[in-house]
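Here's the structure we're looking at; comments come further down.
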Amino acid sequence: MKSFFYRFAEVFSKNKKTSKYKEIFSTTENKLNLQNTSPLDIPDEQLDSDCFNVRSLFHDEFSDKTRTSEFLSEEITVLYPEYTNPLELDAAKDISKILKKEIKSLKVKSFTLSIFFILSFILDVLIRIKPAFLSSVPVNTSALYSISSLFILLLSFIVGFKIIKHAFIHVSYAVFAPDTAIIFPLITTFLNCVISFVFSFFDASFQTNNFVSLFIFNFILIVLNPLFCKKRILNNFKFVTSSKQKYNIDMYDLNELISPTSHKKKLFTAYQYKTNFLTNFIRNSHRETLSEHLISKIIPFSIIFSVLCGILSLIFTKSPTCALAALNISSLTSVPFAMLFLVNFIVSALCKYTMKNRTMIIGENAIKRLSNTKSIVLNDSDLYPPNNVVLRGIKTFNGQRIDEAILYAAAVVCHINAPVSKVFDKIIMGKRTILTNASGIVYKEEKGVVGWVNGKRILVGNRELLKEFKIVSPSRDYEKKYRIPNCELTYFAIGRELVAMFILEYTPSKSLHQALSSCIKNNIKVFIKTVDSNLTLSKISADFGLNEKFLTLLSYDDSQKINKLYNKTENHSNAFLATLGSCVSLVKSIGACCFAKNNIILVTAIQGLQLILNTFLILYLIICSGLSELHTLELTIYSLLWFIFTAIASKIKKFKY
């Protein structure tokens with residue numbers, strides 16, 4: 001069987017290219033054989049004992065490689081030069097040139113095919129309504145229509161020859177890539193046109209239905225799929241080759257890292273860390289997606305179904321021409337050509353949106369994985385950027401010197417990474433060298449910070465911290481005088497003596513407000529790392545308008561574990577998702593991917609419904625011998641209406657908020 005595939009491929013490729021595809025085919029088979037190796041036979045990778053590791057759930061998703069995916073990936077490596085480090089500027093330029101050339105070629109093809117579709121559609125309208133001026137023409141209109149349709153079909157074949165050639169090569173190796181969906185409809189449409197022309201030439205009353213316009217419409221969708229992909233890849237490649245510091249996005253189970261939570265299921269948590277280079281970009285960009293995999297499974301069944309429809313039509317009608325028409329119609333309607341185009345349209349729109357937010361998403365696979373996020377971990381400085389925390393006043397007690405008090409408090413607070421640290425930095429004008437060294441600094445959960453300066457115990461926190469160390473705090477009525485909107489009170493004590501009260505104003509991040517709301521709508525939990533006692537769940541919930549049940553404050557120990565993971569730097573990271581380090585970009589991308597996933601599911605469901613209806617409709621018409629009454633114009637309009645309906649439905653939920 002394999003030798004037959006090789007001989008079949010030689011018809012559509014030169015000797016050198018045939019050997020190339022043989023090499024790809026054999027390489028793919030070898031890789032698949034290796035994947036079937038027992039895990040017990042593969043030695044575990046040795047990890048550095050000093051390295052902090054968690055199991056990457058994101059990369060696990062992409063370890064499942066299909067035969068088609070491997071074949072296409074190997075094919076891509078032949079077409080594009082390798083880009084393995086940021087210093088390979090020539091390779092980067094070559095890849096950009098190739099992508100631009102392919103985009104230009106696909107644009108020309110799609111535009112030309114669109115013209116052919118319009119011409120063919122006009123012919124369908126004229127032959128269907130049969131205006132008066134056609135009746136007066138002393139020619140065989142059926143034969144003229146057939147030869148015109150056949151001519152347009154041949155022109156379309158010439159324009160898309162390269163795509164059709166690659167599709168035939170894929171079929172020859174039993175690789176049902178999305179472009180192979182057009183092969184069988186092309187053959188049936190061509191045969192139908194030829195037979196219609198022959199019969200109409202000898203019989204002017206012969207009813208011709210060539211379905212060329214519907215074929216060209218489906219062919220346009222096939223051409224537009226790689227066009228959207230190439231444009232997206234080119235935009236993402238500009239991000240990958242930029243000189244800015246990039247952050248790779250990965251995913252882990254938060255339950256494996258922190259203290260046991262009430263969440264029994266896996267908490268898929270997306271996070272980002274520094275990376276020096278994003279590898280395998282071209283290969284990952286062309287990897288088979290879930291939609292493409294679904295199409296590849298449908299294509300063989302579509303061929304079988306079309307052949308059965310032709311046989312049934314022959315049995316019921318006893319007419320070879322009706323059987324060929326049934327074969328042609330079923331081949332054009334039993335594959336959801338519009339589904340892949342609309343999915344790519346959604347993915348491209350999302351990638352364009354996230355790129356504005358400085359996030360690179362490689363495609364549908366990355367969207368699917370990131371949309372599975374169940375929780376995110378944020379720093380308190382993400383919610384309240386340091387510049388958004390302002391000191392509005394100081395109230396001293398017992399006649400203490402405020403300048404000395406501030407220096408003592410700053411010595412402790414500046415050792416912790418909290419939004420309030422910036423306040424004291426501003427007071428001392430960033431001159432931390434003037435501060436006395438603090439030691440024994442401990443964060444008391446939801447109470448405050450305790451440290452030692454010059455042998456004195458320093459307390460900076462809320463009234464609960466004072467209560468723990470048996471220091472008398474001001475009355476609630478006294479506090480009300482200084483509690484203004486968005487302001488919190490922080491006490492400062494030395495030893496057992498209350499020294500001062502700081503009035504701090506916290507302004508939440510506006511850019512993160514809407515992004516968090518989007519995450520909450522998608523049932524994503526928010527875990528917060530903080531060493532600021534003023535940032536309670538009730539305050540954060542009120543400031544951001546979020547339901548408190550979706551918020552959790554992490555303990556100091558858990559926060560330290562997570563920091564070790566987030567603070568790592570990789571020399572090379574697999575290119576799937578990346579940002580420029582902004583937490584807002586990550587959160588917005590998660591929300592947008594959730595909406596995009598819902599849109600993709602909606603499009604797939606609608607196209608699946610159309611496929612089912614098409615199947616029953618064709619079978620019903622065959623059994624009732626009514627397939628001959630189905631004209632090209634009606635079938636084309638029917639497909640166009642389904643396409644428009646699906647396109648409108650895909651725009652119901654937008655990424656912007």
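Largest first and in whole Å, give the semi-axes of region 274-334's equivalent ellipsoid, each being the square root of 5 times a Cα gyration tensor eigenvalue.
Values: eigenvalues 390, 14, 8 Å².
Value: 44, 8, 6 Å, ordered largest first.
Give me the Debye-computed log₁₀ of I(q)/I(0) at q = 0.29 Å⁻¹ for region 347-394, equal point scatterers on Cα only, no solvent, two decimals.
Those come out to -1.03, one per q.
Mind checking which of Cys593, Asn563, Gly581 is farthest towards the positive end of region 540-650's charge dipole, using Cβ charges of +1 (Lys, Arg) and -1 (Asp, Glu) about the Cα centre?
Working it through, the farthest residue towards the positive pole turns out to be Asn563.
Using Stokes-Einstein with the Kirkwood hydrodynamic radius over Cα pairs, what translational diffusion coefficient do you get for region 496-555 at 37 °C and a viscosity of 0.692 mPa s, in µm²/s rounded to a whole number? Don't jump to the answer; show the numbers that get you there.
On the way: Rh = 13.0 Å.
It comes out at roughly 252 µm²/s.
Which entries of Lys244/Lys529; Lys265/Lys568; Lys395/Lys426; Lys356/Lys588; Lys444/Lys529; Lys422/Lys568 have Cα-Cα distances beyond 20 Å here? Intermediate values should be presented prior to the final figure.
Details: Lys244/Lys529 27 Å; Lys265/Lys568 27 Å; Lys395/Lys426 18 Å; Lys356/Lys588 11 Å; Lys444/Lys529 13 Å; Lys422/Lys568 24 Å.
Over 20 Å Cα-Cα: Lys244/Lys529; Lys265/Lys568; Lys422/Lys568.
Can you find, among Ile622, Tyr353, Cys309, the residue sitting farthest towards the positive end of the charge dipole of the chain, where Lys and Arg contribute +1 and Asp and Glu -1 at Cβ?
Tyr353
Nearest 20 debye, what's the magnitude of the dipole of region 310-454 about its Cα centre given +1 on Lys and Arg Cβ and -1 on Asp and Glu Cβ?
Value, rounded to 20: 200 debye.
Rolling a 1.4 Å sphere over the protein heavy atoms, what is the accessible area per residue of the chain, to the nearest Å²? Don't jump to the answer; show the numbers that get you there.
Numbers: 31220 Å² over 657 residues.
Ligands and nucleic acids excluded, the figure is 48 Å² per residue.
Rounded to whole Å and ordered largest first, report the semi-axes of the equivalent ellipsoid of the chain derived from its Cα gyration tensor (root of 5λ). Spell out each step's value before the answer.
Values: eigenvalues 865, 144, 83 Å².
Semi-axes, largest first: 66, 27, 20 Å.
Of the options Leu294, Leu553, Ile258, report the single residue whose Cα projects farthest towards the positive end of the charge dipole of the chain (beta-carbon charges: Lys, Arg +1; Asp, Glu -1).
Farthest along the dipole direction, towards plus: Leu553.
Once neighbouring chains are kept in place and the probe is 1.4 Å, which whole percent of the accessible area of the chain is contributed by carbon and sulfur?
Numbers: 18710 of 31220 Å².
Here it works out to 60 percent.
How large is the dipole of the chain about the Cα centre if only Lys and Arg carry +1 and Asp and Glu carry -1, each at its Cβ, rounded to the nearest 20 debye?
Numbers: 76 positive and 50 negative charges, 315 e Å.
The calculation lands at about 1520 debye.
Kirkwood-based Rg over Rh for region 310-369 (C-alpha set), two decimals? Don't jump to the answer; show the numbers that get you there.
On the way: Rg = 20.8 Å, Rh = 14.6 Å.
Over the Cα atoms of region 310-369, Rg/Rh equals 1.43.
222 nm [θ] for the chain, helices only, -39500 (n - 2.57) per DSSP H run of 4+, per residue, to 500?
Values: 25 runs with 374 residues, N = 657.
Taking each H run of at least 4 residues, the total per residue is -18500 deg cm²/dmol.
Just how far, in whole angstrom, is region 502-552 from region 79-121 if you go by their alpha carbon centroids?
Cα centroid of region 79-121 versus Cα centroid of region 502-552: 45 Å apart.
Under a Cβ-only charge scheme (Lys and Arg +1, Asp and Glu -1), can you give me the dipole magnitude of region 145-242 about the Cα centre, in debye to the nearest 20? Write down the numbers at each step before the final one.
Values: 6 positive and 2 negative charges, 127 e Å.
Here region 145-242 has a charge dipole of around 600 debye.
Just to be sure I understand: if I project the alpha-carbon convex hull of region 338-448 onto a plane and average over all orientations, what area do I get in nm²? Mind showing how you got there, number by number?
Values: hull surface 45.7 nm².
With every direction weighted equally, the projected area is 11.4 nm².
Pull out a ≥ b ≥ c, the square roots of the eigenvalues of the alpha-carbon gyration tensor of region 385-466, then state rounded if a/c is under 1.5, prolate if not and a/b is larger than b/c, and oblate in the remaining case. Spell out each step's value before the answer.
Numbers: a/c = 1.14, a/b = 1.09, b/c = 1.05.
Rounded shape, in that the Cα axes give a/c under 1.5.
The values are calculated or read from the model by the stated rules, or taken from the named source; none is laboratory data. This structure is a prediction, so every number in the text was calculated from the model and none was measured. Every residue, glycine as well, gets a Cβ built from its backbone with ideal geometry; the counts of neighbours run over all protein chains shown. For accessibility, only protein heavy atoms count, side chains too; no ligands or nucleic acids. Shrake-Rupley method; radii C 1.70, N 1.55, O 1.52, S 1.80 Å.
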